[in-house]
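Note sheet for the following structure.
Throughout, read-outs are computed from the coordinates displayed, never taken from laboratory work. Please read all numbers here as calculations on a predicted model, not as lab measurements. Note that each Cβ is placed from the backbone with ideal geometry, even for glycine, and that neighbours are counted across all protein chains shown.
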Protein chains: 2
Amino acid sequence: MVDVARRAGVSPSTVSYALTGARPISEATRERIQQAMVDMGYRRNVFARGLKSKRSHIIAVLFPKDERGMNLGSMEYIFGASDHAQNRGYHVLLWTSRVDELDDLAGLAQQGLVDGVLLMEVRLEDPRIEVLKTSEVAFAMLGQNVDPGELDYVDTNFDQCARLAVEHLVQQGHRNVGFVHQDAATIESGRGNAIRLRDGMRRAAQDAGIALTALTCQSHLAGGRQAFAELLAADPRTTAVIAFNEQAVPGIMAAAVERGLRIPLDFSVVSIDVPEQAALMMTPTMTTVGPCAAAMGRAAAETLIRRIEGQQLGTPSQKLFDGELVTRSSSGPAPVGR
Amino acid sequence: MVDVARRAGVSPSTVSYALTGARPISEATRERIQQAMVDMGYRRNVFARGLKSKRSHIIAVLFPKDERGMNLGSMEYIFGASDHAQNRGYHVLLWTSRVDELDDLAGLAQQGLVDGVLLMEVRLEDPRIEVLKTSEVAFAMLGQNVDPGELDYVDTNFDQCARLAVEHLVQQGHRNVGFVHQDAATIESGRGNAIRLRDGMRRAAQDAGIALTALTCQSHLAGGRQAFAELLAADPRTTAVIAFNEQAVPGIMAAAVERGLRIPLDFSVVSIDVPEQAALMMTPTMTTVGPCAAAMGRAAAETLIRRIEGQQLGTPSQKLFDGELVTRSSSGPAPVGR
DNA sequence: CTGAAAGCGCTTACAG
DNA sequence: CTGAAAGCGCTTACAG
């Protein structure tokens with residue numbers, strides 16, 4: 001920077017002010033500085049900047065990868081957030097520690113390395129929230145805890161998604177519908193979305209006046225198979241299932257086919273929050289209900305950055321994203337006479 | 001740090017030396033310092049540290065997400081690398097700019113923010129390599145360019161994978177096999193792995209004395225359907241296909257089924273480098289050949305860190321990972337009499 | 001084995 | 001509109 005200043009014939013502080021924009025610089029000076037920076041290939045040192053300004057322009061994305069396994073949906077959240085952050089001049093640090101590794105998190109929050117933190121895979125009772133609050137680092141959630149209060153978040157509108165999925169099936173004549181969600185352990189550990197979706201589903205089914213059989217389900221092929229068996233045992237007249245369990249869905253469909261049911265002629269399947277890529281990987285391709293994950297990631301990053309930059313004082317930013325129904329080949333009219 | 005020093009009754013420099021381990025500290029002093037740090041909840045400031053030491057303990061993972069779309073395999077590389085980096089005391093910066101956004105990359109490399117860079121989605125002629133070389137930042141590749149020379153890399157052993165896939169099918173009696181790889185544009189843009197795999201496949205087929213029909217294929221459902229049609233047109237006796245195109249495989253299988261072929265009774269499918277999660281999402285579950293992506297990610301991070309820390313001088317670290325065959329439900333004995 | 005001091009490259013009140 | 005100077009919190013030669 002001193003070299004740039006010398007070349008431009010100004011003081012180092014003027015160069016700095018030109019860079020930060022913290023005070024007006026005459027057009028002529030600004031141009032000389034600009035030219036000098038280009039000539040010398042100058043790059044502002046991030047550490048010196050961070051040391052003085054207490055701002056790193058780095059945000060951390062907390063994705064506890066063991067929480068729910070890897071899935072394309074999470075990847076879309078992460079890359080949506082990352083994209084937007086880079087557009088806004090922020091770097092993204094990927095943090096994959098488990099939810100209960102709180103010392104590591106406290107270290108991250110207090111080191112000053114990051115200006116803010118984006119929480120993914122939020123639990124209803126999430127111990128990370130307390131840590132972040134006490135360390136006074138800015139943060140926003142992708143998802144919600146049990147009582148977000150004044151906290152910023154972006155989340156799926158599960159109520160609306162449940163309604164959309166139920167209505168889709170009701171319109172096609174289905175009257176006995178199953179809801180297969182995540183495994184009991186996940187629900188007990190209190191991942192909020194599983195619970196919010198289940199409750200929304202019950203309300204939607206009640207309002208539509210149809211029978212809903214809700215089941216937990218292990219997140220793998222065999223789990224899906226078992227859930228299908230349990231479902232038909234509980235209500236033999238079931239003609240459709242709504243699933244919130246990406247890994248189990250292929251098992252559900254395989255079990256249906258083995259029982260001689262053709263999808264979608266004899267049995268319909270709708271998945272909540274399965275990204276397009278995964279939906280197209282399944283046979284038949286999956287009808288889905290859910291919001292655009294990348295857009296949610298972008299919104300979460302924007303919320304966090306506004307909070308960091310002090311443009312978001314007072315009122316919290318709390319957004320719910322409506323889901324969209326994409327009808328593919330796994331759902332259709334209810335079979336007659338079953 | 002001065003507060004810690006005061007509390008421990010030593011000079012700040014002693015605290016610093018205790019932290020860096022750059023010179024011997026008496027046991028008693030070290031313990032007092034340790035205690036003081038714990039008492040005060042001290043966290044070393046990353047920026048001050050980076051400013052003096054020119055080391056950030058941050059590595060960047062360059063994943064140009066538009067290159068090949070999102071896929072679970074890349075996610076495993078990224079998280080494998082991230083995991084290992086965190087274990088080794090490094091943070092991971094996620095960088096999703098396109099391959100041709102070289103100014104941004106030069107900025108990153110010269111800012112001093114990162115100690116090293118991990119390149120993913122490496123092309124045969126990759127413009128990023130020149131940028132990184134001139135900016136003198138340490139880097140390693142997950143994949144290879146056309147002539148890695150003295151560069152560090154970790155890559156799949158495509159020759160061995162091709163051989164394994166071909167042998168699996170030959171052992172089951174298949175004599176006419178198709179190879180469906182990526183779309184023409186991708187191959188022309190010079191993603192190395194597509195080309196290396198195709199060449200390995202040709203050699204393996206030749207050595208096994210079987211007929212191989214190699215085709216390019218658009219990376220989506222319709223592309224897979226079309227590839228299947230082209231394949232049977234080119235060689236009507238084809239009884240199996242090896243695919244290197246995650247998004248197209250469901251299309252291939254759907255087309256086969258529509259033609260009245262049962263999988264695997266009448267037609268076998270093997271996929272290269274499809275992660276377990278995706279393999280289990282398909283119906284029937286997919287037989288795959290490929291190395292453990294997470295292990296490759298970890299190895300790449302380790303290679304980079306050794307290079308950064310100067311433990312890897314002179315000879316480059318170049319590793320190929322062998323694939324494993326996981327037989328699932330999409331492949332079986334060749335049908336008799338076709 | 002330990003201390004005192006310089007300096008990394010910026011930002012930002014203070015002064016004009 | 002611009003400069004001179006202090007200082008952010010560390011690391012590391014220099015000295016003992």
Worksheet, complete the sentence: By the C-alpha gyration tensor axes a ≥ b ≥ c (rounded if a/c is under 1.5, else prolate when a/b exceeds b/c, else oblate), the shape of the range A:56-112 is oblate
Worksheet entry | Derived scalar couplings ³J(HN,Hα) [the range B:87-100; Karplus, 6.51 cos²θ - 1.76 cosθ + 1.60; whole Hz; x for Gly, Pro] | 4, 8, x, 10, 8, 10, 9, 9, 10, 10, 4, 5, 4, 8
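With the Cα gyration tensor of the range A:158-290 in hand, convert its eigenvalues to equivalent ellipsoid semi-axes via √(5λ) and list them largest first in whole Å.
Values for the range A:158-290, descending: 19, 17, 15 Å.
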Discussion item. Excluding same-chain pairs closer than 8 in sequence, count the lysine pairs in the protein assembly as shown whose Cα atoms lie under 30 Å apart.
Written reply: 21
Practice prompt. Put one equal scatterer on each alpha carbon of the range A:247-286, apply the Debye formula with no solvent term, and list log10 I(q)/I(0) at q = 0.19, 0.28, 0.34 1/Å to two decimals.
Written response: -0.51, -1.01, -1.28
Discussion item. If neighbour count is taken as other Cβ atoms inside 10 Å, put B:ARG328, A:ARG55 in order from fewest to most.
Written reply: A:ARG55, B:ARG328
Discussion item. With angles folded into 0 to 90 degrees, how steeply does helix A:192-208 sit against the dominant principal axis of chain A? Use alpha carbons for both and round to 10.
Written reply: 40 degrees
Discussion item. Given a Förster distance of 30 Å, report the FRET efficiency between A:ARG237 and A:ALA184 from their Cβ-Cβ distance, rounded to the nearest 0.05.
Written reply: 0.75
Discussion item. Order these by the 10 Å Cβ neighbour count, fewest first: B:TYR17, A:TYR153, B:TYR77.
Written reply: B:TYR17, A:TYR153, B:TYR77
Practice prompt. Could you work out how far helix B:158-171 tilts from the main Cα principal axis of chain B, as a 0 to 90 degree angle to the nearest 10?
Written response: 40 degrees
Worksheet entry | Residue with peak Gaussian network fluctuation, chain A [Cα springs, cutoff 10 Å], from A:VAL270, A:VAL289, A:VAL170 | A:VAL170
Discussion item. How large is the convex hull of the C-alpha atoms of the protein assembly as shown per residue, in Å³?
Written reply: 183 Å³
Worksheet entry | Hull-based mean projected area of chain B, where the convex hull spans the alpha carbons, in square nanometres | 20.0 nm²
Worksheet entry | Charge dipole magnitude, Cβ of K and R +1, D and E -1 - the range B:158-291, Cα centre, debye nearest 20 | 200 debye
Worksheet item: What's the angle, to the nearest 10 degrees (0 to 90), between helix A:102-111's Cα axis and the longest principal axis of chain A?
Response: 30 degrees
Discussion item. With the label 7 angstrom out along Cα to Cβ, how close does B:GLY310 come to the same site in each of the other copies, in nm, nearest first?
Written reply: 4.2
Worksheet, complete the sentence: Distance in nm between A:GLU130 and A:ALA48 label points, each 7 Å along Cα→Cβ, equals 4.3 nm
Discussion item. Once the label point is set 7 Å along the Cα-to-beta-carbon vector, what list of distances in nm do you get between B:ARG262 and its counterparts in the other copies?
Written reply: 1.7
Worksheet item: Can you pull the mean other chain C-beta count within 10 Å for peptide B:56-66?
Response: 2
Practice prompt. Once the label point is placed 7 Å from Cα along Cβ, list for B:ASP39 the distances to the corresponding points in the other copies, in nm, shortest first.
Written response: 5.6
